[in-house]
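Below is one structure, written out as structure tokens; comments come after it.
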Amino acid sequence: MKTAIVTGASSGIGFEISQKLVHMGYRVYGFGRDFSKVEFDNPNFIREVCDITNTNKFFRRIDEIKAKGEVFLLVNNGGIGYFGPHEELNPKKIHEMVTTNLEVPMALSSILLRQLKKNKGIIINISSVTAKEISTYGCAYSATKAGLTHFSESLFSEVRKTGVKIITIHPDMTKSNFYRNANFSEDDSSEDFYINCRNVADAVEWILNEPTSLVVTELTLKPQKHRIKRK
């Protein structure tokens with residue numbers, strides 16, 4: 001049985017990916033802050049209650065999992081976004097975004113890379129469409145996601161000869177609780193205006209079913225139409 005590590009696994013995209021992986025036969029170590037609302041009991045879904053910004057505790061647990069020598073897949077999904085005029089973002093919020101969205105995925109990839117090379121494994125980074133677009137009132141968030149995307153591209157170039165795959169997914173407006181800190185959310189008046197977390201999980205399944213000789217390094221997922229809703 002292949003082992004996967006998924007961050008941000010207690011809700012939204014990360015939870016849907018975790019369920020998908022379990023149904024595909026993976027053992028999933030899912031990291032999240034609060035699993036109290038998660039209704040998915042399966043012995044191959046190991047709930048790891050942890051704030052990944054507490055990096056000392058988080059990386060110690062990763063080392064324990066890594067010691068078993070089975071990690072094949074890393075999904076860097078954990079993320080946070082604060083939106084609004086940049087002068088209204090305090091340093092604490094900026095630090096939290098940089099740590100969660102960029103520092104942790106880079107450090108986690110480093111910790112696991114030798115094992116992923118040995119297992120010819122896969123890293124999937126969940127970025128954002130804002131990584132490649134101008135993001136007014138979200139410039140700090142989009143900068144962290146642009147950094148993650150560029151990191152993915154460069155790391156793939158570095159390790160592709162070892163058989164490791166690095167894939168970046170860029171979801172657009174997704175129906176989840178991600179926008180809880182924003183004054184806007186997805187327009188839920190029509191399914192044409194947002195993508196579902198399950199759509200991202202389906203994209204992960206498609207990636208994992210690629211031939212070993214093929215790598216689609218980037219996927220962008222957008223709804224057919226674009227509209228947001230102000231709170």
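The residue of segment 182-197 that is farthest from Leu89 (Cα to Cα), among those that are at pLDDT below 80 and surrounded by 13 or more Cβ atoms within 10 Å (Cβ to Cβ), is Asp187. Residue-level check: of (1) at pLDDT 95 or above; (2) under 20 Å from Glu205 (Cβ atoms), Pro43 misses just (2). Condition test on Asp202, is it closer than 15 Å to Gly12 by Cα, surrounded by fewer than 20 Cβ atoms within 10 Å (Cβ to Cβ) and in contact (Cβ under 8 Å) with a residue 24 or more places away in the chain? Judged against the criteria, Asp202 is a match.
Within segment 28-124, which helices (runs of 4 or more DSSP H) (wholly inside it) include 2 or more residues that are in contact with a strand residue (DSSP E or B) (Cβ under 6 Å, 6 or more places away or on another chain) and farther than 15 Å from Thr7 by Cα?
On the way: elements: 55-66, 91-98, 104-119.
It comes to 104-119.
In the set (1) farther than 21 Å from Tyr26 by Cα; (2) at pLDDT 95 or above; (3) in contact with a helix residue (DSSP H, G or I) (Cβ under 6 Å, 6 or more places away or on another chain); (4) surrounded by 18 or more Cβ atoms within 10 Å (Cβ to Cβ), Leu219 fails one condition alone, (4). When Asn209 is tested against (1) within 20 Å of the chain's Cα centre (by Cα); (2) more than 27 Å from Val98 (Cα to Cα); (3) surrounded by 18 or more Cβ atoms within 10 Å (Cβ to Cβ), exactly one condition is not met: (3). Ala140: more than 14 Å from the chain's Cα centre (by Cα), part of a helix (DSSP H, G or I) and either of a type outside the set (A, V, I, L, M) or over 22 Å from Gly32 (Cβ atoms) (or both), yes or no? It is true that Ala140 is more than 14 Å from the chain's Cα centre (by Cα), part of a helix (DSSP H, G or I) and either of a type outside the set (A, V, I, L, M) or over 22 Å from Gly32 (Cβ atoms) (or both). Taking segment 129-170 as the range and being surrounded by fewer than 19 Cβ atoms within 10 Å (Cβ to Cβ), out of contact with any helix residue (DSSP H, G or I) (no Cβ under 6 Å at 6 or more places or on another chain) and under 21 Å from Lys222 (Cα atoms) as the test, the residues that pass are Val129, Lys132, Glu133, Ile134, Thr136, Tyr137, Ala143, His150, Glu153.
The values are calculated or read from the model by the stated rules, or taken from the named source; none is laboratory data. Nothing here was measured: the structure is a model prediction, and the numbers come from that model. So basically every Cβ, Gly included, is an ideal-geometry build from the backbone, and we count neighbours across all protein chains shown.
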